[in-house]
Amino acid sequence: MSASDEGIAARAGYAPHPYVGGRTAALRALAAWRMRWPGAPRVIVLTGNPGSGRSRLITGFLMMCDPGYRKQLPLDDLDPATVPPDLPAPAVPSPSGRTAAQLLWVIADHFGLRADRGEDIFPELAAREEPVTIVVPDVDRAGPVRAAHEPARLVRDVLKPLAATETVQLLADVPRELAAELAEALPSGQAQIIDLDAPEWADPKGLVLHAETALDPGAGAPELPFTTDPAVRRPLAEALARRADGSRLTVQLAVQSLLMQPEGFDPADESLLPATVGEALDLHARRLDVDPQTLRLLLAPLAFAEGEGLPVQLWGALANAVAGRDMSQDLADGMLLAAPFIQPAEPDAEQDADDEAAGDGAGDGADDGRTLLRLQHPGIAEEIRSGLPDVRDAQTKIAMALLEAVPQQNWAKADPYIRDHLAAHTLEAGLLPQLLTDPGLFAHADPVTLRAAIEAVPLEQLGAPARTYLRTAPLLTRSQAPAGMRAAFLESAFVEDGLAPYAEALHTLGFDLPWRTLWSVPLPGVRAVTTGSLPQEGGEGTAAETAPGADGAGAGSGGEGPAPAPRPVAAFIVPQGTPGSRTVPGPDGDASEDGAALLLHDLLRPGYIDADPTQVQLPSDETKAAAPFGFSRGADYLRVWARAGQKVVAALLSDTPLTGADLSPDGVLVVATERGVTARQILAAAPAVAPTVPAQRTGAADTAASDGLEGDHS
C-alpha cells in the first residue's frame, strides 16, 4: 500500500475520516494489521518527524477500534479498507509520564497476569492461547523526567520483548531514532515501519484539507477576508500545506497565528507562510513588531517544563533567569505574542488531593486557583531548546531560580512543581549530585520523578545520602506513601546506612514521625527476635546509666539505694557460629538441635551484650497486656496500634520479608528482615490520623495501584 491509494479512495467517492482527514494509505495498513490480513505484519512501528500527525492518526484509528465509539462514526461513508473489523478494543497503555517499569505493570494488570516479577510478564503473554493486541502511542512522551531518556529504555525493556512475543500483535508510535532498533529486532516480514514523512506514506491532499478546515468559519474560525471567501481560502490552504512540507504542526501554528493576528497579512504573499516550526515562531513575532528572540526567551521556561506544565506564577521568574534580564514587561505585553503556542493544563487533581491529605500543601493558599501552562506540542519545545546557545546553562539558571523560590528554604512550603521537578532541571544542568544532600527534599519530592532523575546519574557520582535514597526508592514508590511516611521510611534507612545526622534532621523538619530509629545492625540469618531484660548488679554501664531517675546511690555505691533496674535487651536467634552468639543448651544439656544460637543486643542503644542468654527475663503476660501498644504483622508489613481505641499509630513496610518482630512493653519495636535487625522507639501515644499500609500485590486483582507501582514492579 502507498500514497497512491489516496487518489483511488478519492475517485471512489469515499469520505475522509472525520478526525484524521486523510491518511488513507496508513489507515488501510493499520486496518489490515488489526484484522490480521494474510501477509500483514504482526508489528507496526509508526514514526515520523515531530508534528507529522502520528498521535492524530493513532487516535483516529482507535476511534474505529472502539465498539462504543464506532457507533458515532459514519463508517458506511469511509473507504471499507480503512475500517477495522468490529472486535474488542485493543489494550492502549499510555506511556506519557510513566517509566518503562510502570508501563509494563499497567499491561500486566490489564491482562490479569499473575507475574510477580517484570521478566515473568513476557512468558505469561507468550503462553496465552489467544493473541493479544496492544497499541502503545506517544512513546516520545514516556518518563517522568525528560532528560532521563525514558523512551529509549521503554523501547529496549518493554517494546522489543513485546514485539518478540509471538502472541502479541503490537502497534507502537515511536521517535524515528528508535524505530529501526525496534523493527530490526524481528525476523523479516514480522514488522513494518510506517514513516509518515516518507513519500510512500505522505498525505499532501490530507494536509490541504486539514488547513482548509482550520480556516473555515464553519469549523470555528473567525470571519476574515481569507476565511469567508472559498476562492481565497482554498489557495491559502494549498500554499500553507505546500510550504509546511508535510508538517501538520507547522500548518496548525501558522493558522493559529493568522487567525489571532490577521492585520497586515497578505494571503497572496507565500513568503509570509512558514516552512518550519521555527519560522512559524519567528514570523508571528515579526508580524507583531517584536524581536523573535524575545518570543523564544518568553517560551523557554515552558520548553524546559516538566510534568503536566509550569505554574503560571513561576513563569516570570524563570523567563528572567534564562534571559539574564527583567522580562516582566515583555511578559505583561506578550500574551498575544505567546498565545498561539501555549495552552493551559489542569493540575493533577488526584496528586493535589494526595498532597493535601499528606500535609504537602505549598503554603497557605498556594494551590488555590493554580494554573499550569505548557507548549502546545513537544515539537515547539524542541525548536526552542535547539535555538539556545547553551542548554545546560539555561537549565542551571532555571534550577537556581527555582531554589530561590522556595520560601525560607522550607520544602513543605514550596510549590509542588519545585518539589517534584527541581531534580529534573538540575539533572540536565549537571548539578543533581550536589542537590542530593537534603533530607527534606528526599521526603517531600515525588518519589517516582526523583528516583528517575537519580537513576540517570552514574552511581559513582552519587554521595552516600543519594545512594540511601536510591536503595529506599522502590519502597517509597511501591507504597505510594505520603510525605510523612516517606520521611519515616527514610529516617530508618539513614540509620541503617550509618547516616544518623540525616535521620536526626528529619525529626527537625516538622514531620509527625511515628518512630525514632534507635539502632540497626546488618545481620543476615536472624530467624526470630524477642525483647526482655537482664538483671544488673550495679557498676559500670549498669543501673547508674539505665535506671530512670537513678541518683547515683546504686548497688555499687555502698549505700542503701534502690535496686539496679534491669537492662532492656533484644535477643536474636541466629545460626550457630555467628560471632558473639551463645548456644543455648537443650533440656538434656546438649547443644540446640536446630543449629541455632542467641545473640544479645542492647535494646535502647547500639551495642551487643556479652551475657548469658539464659538470664534474659521475658515480660509477663500481665505486663504485655498492660502495655500501651500492640502489633500485628504480615509477610513484609507491620502495624502498631494503641490498645486504647485500637487505632493504628505506626505502619511499617519492608522491601524484604520480615523474619521476626517484637514490641517491648515500653514501645520499642524490634524488626528483623533478611538484611538485618532494626529497633524503633514508637513516638505516638495516640493517632491524629491513622496511617495505613497499602494493599500488597497478590495477583492480577491489584489493578487500582498500577499507575504508580514500582518496588517489586521495578
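The values are calculated or read from the model by the stated rules, or taken from the named source; none is laboratory data. Since this is a predicted model, take the numbers as computed values, not measurements. All Cβ positions, glycine included, derive from the backbone under ideal geometry; neighbour counts span all protein chains shown. Side chains are part of the model used for accessible areas, which takes the heavy atoms of the whole protein and leaves out ligands, DNA and RNA. Shrake-Rupley method; radii C 1.70, N 1.55, O 1.52, S 1.80 Å.
For segment 564-581, give me the residue count where each residue is more than 19 Å from residue 660 (Cα to Cα), modelled with pLDDT of 90 or more and touching a helix residue (DSSP H, G or I) at 6+ places or on another chain (Cβ under 9 Å).
So the answer is 2.
Quickly run through segment 422-449 and pick out the residues that are of a type in the set (A, V, I, L, M) and either farther than 19 Å from residue 310 by Cβ or assigned to a helix (DSSP H, G or I) (or both).
Once the filter is applied, which keeps residues that are of a type in the set (A, V, I, L, M) and either farther than 19 Å from residue 310 by Cβ or assigned to a helix (DSSP H, G or I) (or both), segment 422-449 yields 422, 423, 424, 427, 429, 431, 432, 435, 436, 441, 443, 448.
Hey, can you tell me all the residues within segment 80-135 that are within 17 Å of residue 58 (Cα to Cα), surrounded by 17 or more Cβ atoms within 10 Å (Cβ to Cβ) and not hydrophobic (A, V, I, L, M, F, W, C)?
82, 84, 90, 93, 95, 133
Name every residue in segment 286-328 that is open to solvent by less than 40 Å² (accessible area, probe 1.4 Å) and either modelled with pLDDT under 95 or in a loop (DSSP other than H, G, I, E, B) (or both), in order of residue number. Let's see the steps before the verdict.
From segment 286-328, those open to solvent by less than 40 Å² (accessible area, probe 1.4 Å) are 288, 292, 294-306, 309-311, 314-316, 318-319, 321-323, 327; that's our starting set.
Answer for segment 286-328, where residues must be open to solvent by less than 40 Å² (accessible area, probe 1.4 Å) and either modelled with pLDDT under 95 or in a loop (DSSP other than H, G, I, E, B) (or both): 288, 304, 305, 306, 309, 327.
Consider only pairs whose beta carbons are under 7 Å apart and that are at least six residues apart or on different chains; among these, list those whose first residue lies in segment 329-344 and is of a type in the set (S, T, N, Q) and whose second residue is part of a loop (DSSP other than H, G, I, E, B) and modelled with pLDDT of 90 or more.
Every condition considered, the pairs that remain are 343/376.
Any idea which residue in segment 605-615 is most open to solvent (accessible area, probe 1.4 Å), counting only those that are assigned to a loop (DSSP other than H, G, I, E, B) and within 18 Å of residue 523 (Cβ to Cβ)?
Step one: list which residues in segment 605-615 are assigned to a loop (DSSP other than H, G, I, E, B), which gives 605-607, 610-612.
In the following step, the residues that additionally are within 18 Å of residue 523 (Cβ to Cβ) were identified as 605-607, 610-611.
Details: 605: 92, 606: 96, 607: 31, 610: 128, 611: 23 Å².
In this case the residue turns out to be 610.
In this structure, is residue 139 buried (at least 20 other Cβ atoms within 10 Å of the Cβ), closer than 30 Å to residue 456 by Cβ and modelled with pLDDT of 95 or more? If you could, list the steps in order and put the result at the bottom.
Details: buried (at least 20 other Cβ atoms within 10 Å of the Cβ): yes; closer than 30 Å to residue 456 by Cβ: yes; modelled with pLDDT of 95 or more: yes.
Answer is yes for this residue.
Exactly one condition in (1) open to solvent by 30 Å² or more (accessible area, probe 1.4 Å); (2) of a type outside the set (D, E, K, R); (3) in a loop (DSSP other than H, G, I, E, B) is not met by residue 656; state its number.
Going through (1) open to solvent by 30 Å² or more (accessible area, probe 1.4 Å); (2) of a type outside the set (D, E, K, R); (3) in a loop (DSSP other than H, G, I, E, B) one by one, residue 656 breaks only (1).
Going through segment 183-197 one residue at a time, which ones are open to solvent by 60 Å² or more (accessible area, probe 1.4 Å) and either touching a residue at least 40 places away in the same chain (Cβ under 8 Å) or basic (Lys, Arg) (or both)?
If the condition is that a residue be open to solvent by 60 Å² or more (accessible area, probe 1.4 Å) and either touching a residue at least 40 places away in the same chain (Cβ under 8 Å) or basic (Lys, Arg) (or both), then 193 is the only one that fits.
Return a yes/no flag: does segment 450-470 have any residue that is crowded, with 24+ Cβ neighbours inside 10 Å, aliphatic (A, V, I, L, M) and in a loop (DSSP other than H, G, I, E, B).
no
Inside segment 149-161, can you point out the residues that are buried (at least 24 other Cβ atoms within 10 Å of the Cβ) and not charged (D, E, K, R)? I'd like the intermediate steps shown before the answer.
Taking segment 149-161 and keeping what is buried (at least 24 other Cβ atoms within 10 Å of the Cβ), we get 150, 154-155, 158-159.
Once the filter is applied, which keeps residues that are buried (at least 24 other Cβ atoms within 10 Å of the Cβ) and not charged (D, E, K, R), segment 149-161 yields 154, 155, 158, 159.
Within segment 211-265, which helices (runs of 4 or more DSSP H) (wholly inside it) include 2 or more residues that are touching a residue at least 12 places away in the same chain (Cβ under 8 Å) and surrounded by fewer than 17 Cβ atoms within 10 Å (Cβ to Cβ)?
Hits in segment 211-265: 230-244.
Go through segment 505-535 and give me each residue that's open to solvent by less than 30 Å² (accessible area, probe 1.4 Å) and assigned to a loop (DSSP other than H, G, I, E, B).
Within segment 505-535, 513, 514, 523, 526 qualify.
In segment 15-102, which helices (runs of 4 or more DSSP H) lie fully inside it and hold 1 or more residues that are within 24 Å of residue 197 (Cα to Cα) and within 27 Å of the chain's Cα centre (by Cα)?
Working: elements: 24-34, 54-65, 67-70.
The qualifying helices (runs of 4 or more DSSP H) are 54-65.
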